[in-house]
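Novice: Have a look at this one.
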Ligand code: 2IT
């Protein structure tokens with residue numbers, strides 16, 4: 001490996017070694033950059049890479065809230081304003097008990113390159129809290145969100161930092177966060193958060209956008225192989241917002257999602273999550289706060305496999321769409337043994353680095369990276385920002401058409417970037433290089449700091 005790249009990775013391991021997820025994502029992105037760094041010696045001269053792996057700013061804050069029984073609870077809130085070269089920091093908030101600086105930083109780093117790939121003016125950021133929404137009442141969620149925003153509101157704004165949802169933060173939470181921001185500032189401020197409900201200034205199609213984009217992207221891949229998404233079976237994970245959007249778009253296009261998963265196991269539905277009733281039921285499951293995928297099996301009489309992951313199921317397209325590091329070497333081997341041709345990452349960093357490398361080496365298998373595949377969510381957030389600042393509302397058709405176009409462009413940019421550096425049809429390296437190039441150019445233009 002190029003000596004400069006290797007030295008920056010050493011730096012990250014030394015300084016952030018106690019944040020393995022962050023080290024993992026830096027190693028993954030940088031493994032694609034060798035030809036770019038060799039071609040651009042000016043980057044090393046200004047130590048661009050070390051500056052890219054250090055967030056511009058990251059802070060924690062105390063979030064104190066009252067449970068329904070009158071007891072008080074204290075959580076840690078985070079916001080990482082990773083890189084603002086391309087625009088206001090933009091990225092979601094994750095509420096999950098395992099949230100710690102390594103999770104926020106890995107998500108923030110991914111977000112910088114993902115947002116760059118959208119071609120829109122958004123920098124990268126991420127935040128969240130080590131709060132567990134499971135089993136919490138609506139009033140508890142509201143009080144938590146209000147306390148969270150009381151601590152955060154001074155440090156965000158439509159030209160500064162625009163948060164959105166991630167795991168554990170959906171339309172309901174964004175509504176409470178936005179309401180509290182508006183109350184504290186006494187101003188509507190161009191929406192400031194994205195993923196708002198439609199009545200509060202949210203964009204049509206934003207709830208579906210990540211899932212829709214995650215189907216539009218592989219449509220391009222299949223076309224490249226002379227195939228069609230229609231009639232394909234898809235193995236998915238999770239049953240939240242993203243997987244719901246995938247099921248909905250797949251159903252419209254005549255494909256079917258045959259697996260879903262949750263913390264309790266996975267379900268196998270050979271007929272597919274492919275009726276309006278089934279797709280809508282995912283929303284009911286999410287709203288119940290139970291966080292159990294078994295509810296789907298009970299409702300529709302399909303098989304439930306407690307404590308297992310769905311990666312042993314044979315499908316045409318495999319889409320890890322639940323969470324980071326869901327697919328390890330063992331699962332990757334199962335997927336390869338099943339003769340899967342399309343491995344389309346959806347969740348942020350769903351594959352360990354060794355498993356990803358293994359899958360990419362399988363003859364005939366095409367791997368697409370999450371930072372490109374799931375970028376439709378944040379791209380539509382940027383469309384929501386545009387609508388809010390224009391004081392306009394676009395139709396669902398307009399938003400969906402823009403989203404579709406953005407996903408096609410992301411795909412093409414990735415293909416072209418890999419080609420440009422002589423790497424052939426490599427969607428993983430292509431996305432890393434294309435995302436990197438735009439951030440690098442903006443940072444070079446803006447001087448050293
Ligand atoms: O991972 C992601 O891109 C998100 N959670 C959405 C970020 C956003 O600002 O819409």
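The values are calculated or read from the model by the stated rules, or taken from the named source; none is laboratory data. Here the structure is a predicted model, which is why all the values come from computation and not from measurement. Cβ: placed from backbone, ideal geometry, glycine included. Neighbour counts: every protein chain shown.
Novice: Restricting to the range 260-282, what's the tally of residues that are in contact with a strand residue (DSSP E or B) (Cβ under 9 Å, 6 or more places away or on another chain) and assigned to a strand (DSSP E or B)?
Specialist: 6
Novice: Ok, one more. Which members of the range 61-70 meet the condition of being touching a residue at least 40 places away in the same chain (Cβ under 8 Å) and surrounded by fewer than 16 Cβ atoms within 10 Å (Cβ to Cβ)?
Specialist: 62, 64, 66, 67, 68
Novice: Condition test on residue 184, is it more than 16 Å from the ligand (Cβ to nearest atom) and closer than 29 Å to residue 85 by Cβ?
Specialist: yes
Novice: Within the group 141, 160, 156, which residue is more than 22 Å from residue 207 (Cα to Cα) and crowded, with 17+ Cβ neighbours inside 10 Å?
Specialist: Only one candidate qualifies: 156.
Novice: Looking only at strands (runs of 3 or more DSSP E) that lie completely in the range 6-96, which have at least 2 residues being within 16 Å of the ligand (Cβ to nearest atom)?
Specialist: Fully inside the range 6-96 and qualifying: 72-83, 89-95.
Novice: Check whether at least one residue in the range 242-259 is closer than 30 Å to residue 155 by Cα and either assigned to a loop (DSSP other than H, G, I, E, B) or more than 16 Å from the ligand (Cβ to nearest atom) (or both), and report yes or no. It would help to see each step written out before you state the result.
Specialist: First, the residues of the range 242-259 that are closer than 30 Å to residue 155 by Cα: 242.
Restricting the remaining residues to those that are either assigned to a loop (DSSP other than H, G, I, E, B) or more than 16 Å from the ligand (Cβ to nearest atom) (or both) gives none.
No: zero hits.
Novice: Can you tell me which of 105, 114 is assigned to a helix (DSSP H, G or I), within 11 Å of the ligand (Cβ to nearest atom) and at pLDDT 95 or above?
Specialist: 114
Novice: So residue 169 passes all but one of these: (1) more than 16 Å from the ligand (Cβ to nearest atom); (2) crowded, with 23+ Cβ neighbours inside 10 Å. Which condition number does it fail?
Specialist: (1)
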